[in-house]
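Okay, structure first, notes after.
Bear in mind that the values in this text are calculations on the coordinates, not laboratory data. Everything numeric in this text was worked out from a predicted model, so none of it was measured. Heads up, the Cβs are rebuilt from the backbone with ideal geometry, glycines too, and the neighbour counts pull from every protein chain shown.
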Amino acid sequence: MQRVVRTPTNRFASEERGNLVARKWQNWARTASATPLDVVAAVDPQQLAAQVERAAAAGRTIRVIGSGHSFTSTAVANDIMITPGELTRVRAVDAEAGRITVEAGIDLTTLCQVLDSHGLALTNMGDVRVQTLAGALQTGTHGCGRDTGTFADMVVGLELILGDGSIVRVDANNDPDLFNSARVGLGAFGVVTAITLAVEPRFRLHAHEFPASFDETTASFDAWTAAHDHVEFYWFPHTDKCLVKHNDRTYDEAQPPGKFANWWEEDFLSNTVFGAMCRLGRAAPGYIPILNKAAARVLSERDYVNDSWLVFTSPRNVKFKEMEYALPRSSLIPALTRVRKLMDDKNWRISFPVEVRSVPADTSWLSPATQRETGYLAFHAFDRTDHEWFVAVEEVLREYNGRPHWGKMHTRSHDDLAPAYPRWDDAMRVRDRVDPNRVFANDYTRTVLGD
Ligand SMILES: Cc1cc2nc3c(=O)[nH]c(=O)nc-3n(C[C@H](O)[C@H](O)[C@H](O)COP(=O)(O)OP(=O)(O)OC[C@H]3O[C@@H](n4cnc5c(N)ncnc54)[C@H](O)[C@@H]3O)c2cc1C
């Protein structure tokens, strides 16, 4: 078994509570915090199984955290918090069969490096690679793609600890109901200890990024998504401009952007300058439309070829809050157009671009992309700025039968979520079976899944 040491990204501070010095945890976006009574670093499944058994016997609750990159309080653990600790090992790699089994707490950067060293790669990824694999999976993390989209769809097997402390292995043939519930399970169906993924031979992506008008982009989106492997775009509020990204698979030689060009685009423009503009906009919101127009004006066309995981993901150093909704694919552009009008009518000041992606339907019962071809709209608010406007946007997206990303901000609860998921009741029956005493509950699961 290969041992992988990950760099923890979770932030803890000490807090005095009476005679106790408790550890206070905060997520990346500073939108959720917890003061757990006990913090336990995972060592191996047997240690965790014993921990779950003891917690169940004592009527306590357990939550596992990943890298704290969810914006919601999904990871919050105020009783026993399990950190990924040493649960980051690579158990098996079968390059011929295209399978890798890793422990749940491995971070995505390390996973990509391990795969690369075996001539393999993940089929698809989201925008960043700092999450743990289990954390990404549990909230339905996705990228964009014509043929592939969500992490859940790459999973072919799970090892889990259930509410009674038993360790089980599930897949499409072995307890498929639990497999379908727990892949995107919000940590409520058990502690995930290992994950088997279907992976593929290493490939590169040819990235083509270019500015286009809102009208051209929205009119062409269907044709582009049919013609290219991965398509997404960012619309800059208060402007008519979008930045479009097409990524296509290739085995051509890598032609990465030069060091300076890469620093200029990924670091300086996308993070340093963008961060400075956001701070300026926060201090003087009236200038946001002008700043957005200036940002849209410097968008430029570029082409490069690089290893898939280096193209799928990029650094995000500017802090923000986010809400993302999964919509029926056919409603994506109509919903975006309505939200654009709402933003104009309300005269809000929004500095972050709106991100637009699409994926095929997936099969996990609680995945926001379950059983329907999906378009995603993601809205961002700069750190420590007002995000009240998310609620009004959410109202519009609900009219399109939108489903919120479990890891991103929303105001929904189980009563109104249940009708949006065709297999909701089946998933809740599985939850009652595997965690009848709600050892894995927190306030978030109580709100969105029910008691
Ligand atoms: C900058 C940034 C960019 C992002 N980009 C994207 C994107 O492109 N696409 C997208 O879909 N999302 C994106 N997200 C959201 C992010 O991928 C998800 O919120 C993801 O769940 C975070 O993973 P994590 O490892 O930080 O897990 P956490 O946020 O720490 O935990 C997430 C959930 O997983 C549970 N969990 C963790 N480990 C286990 C385990 N071993 N067993 C059971 N449950 C467990 C936790 O209890 C919690 O419920 C982004 C977030 C940020 C901050």
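When Lys and Arg each count +1 and Asp and Glu each count -1, what net charge do the other residues less than 13 Å away from VAL430, Cβ to Cβ, add up to? Local charge sum for VAL430: -1.
The value of relative contact order for the chain, using C-alpha pairs under 8 Å at least six residues apart, is 18 percent. Here the relative contact order of the stretch 204-404, from alpha carbon pairs under 8 Å that lie six or more residues apart, stands at 26 percent. Taking amide hydrogens as placed 1.01 Å from N in the peptide plane, the amide H of ALA121 sits under 5 Å from those of GLU200, ARG202, each at least 5 positions away in sequence or on another chain.
Taking the Cα atoms of the stretch 407-451, the ratio Rg/Rh between the radius of gyration and the Kirkwood radius comes to 0.96. Couplings for the stretch 293-306, taken from phi via the Karplus curve 6.51 cos²θ - 1.76 cosθ + 1.60 with θ = phi - 60°, read 5, 5, 5, 5, 5, 8, 4, 9, 7, 8, 10, 7, 10, 8 Hz in order; Gly and Pro are left as x. Residue by residue, the stretch 85-100 carries 3J(HN,Hα) couplings of x, 9, 7, 9, 7, 8, 8, 7, 10, 10, 5, 5, 7, x, 9, 9 Hz when phi is fed to the Karplus relation 6.51 cos²θ - 1.76 cosθ + 1.60 (θ = phi - 60°); x denotes Gly or Pro. Extent along the principal axes, Cα only, for the stretch 204-404: 48, 42, 29 Å, with the longest axis given first. With bins 20 Å wide beginning at 0, the percent of Cα pairs of the chain falling in each bin runs 25, 59, 16, 0. For the residue pairs LYS321/LYS341; LYS259/LYS341; LYS245/LYS321; LYS24/LYS241; LYS241/LYS319, alpha carbon separations beyond 30 Å are given by LYS259/LYS341; LYS24/LYS241. A quarter of the convex hull surface defined by the alpha-carbon atoms of the stretch 90-201 gives 6.7 nm² as the mean projection. Before anything else, pin down the relative contact order of the stretch 90-201: Cα pairs under 8 Å, at least 6 apart, normalised by residue count, whole percent. Worked out over the stretch 90-201, it gives 32 percent.
Here the Karplus relation 6.51 cos²θ - 1.76 cosθ + 1.60, evaluated at θ = phi - 60°, turns the backbone of the stretch 29-45 into coupling constants of 7, 6, 10, 8, 9, 8, 10, x, 6, 9, 10, 10, 7, 5, 10, 7, x Hz, with x for every Gly and Pro. Around the Cα centre of the chain, unit charges on the Cβ atoms of Lys, Arg, Asp and Glu (plus for the first two, minus for the last two) sum to a dipole of about 1120 debye. Amide H to amide H, with H built 1.01 Å from N, HIS206 comes under 5 Å of ASP248, ARG249, THR250, counting only residues 5 or more places away or on other chains. For the pair the stretch 100-129 and the stretch 318-387, the centres of their Cα atoms are 26 angstrom apart.
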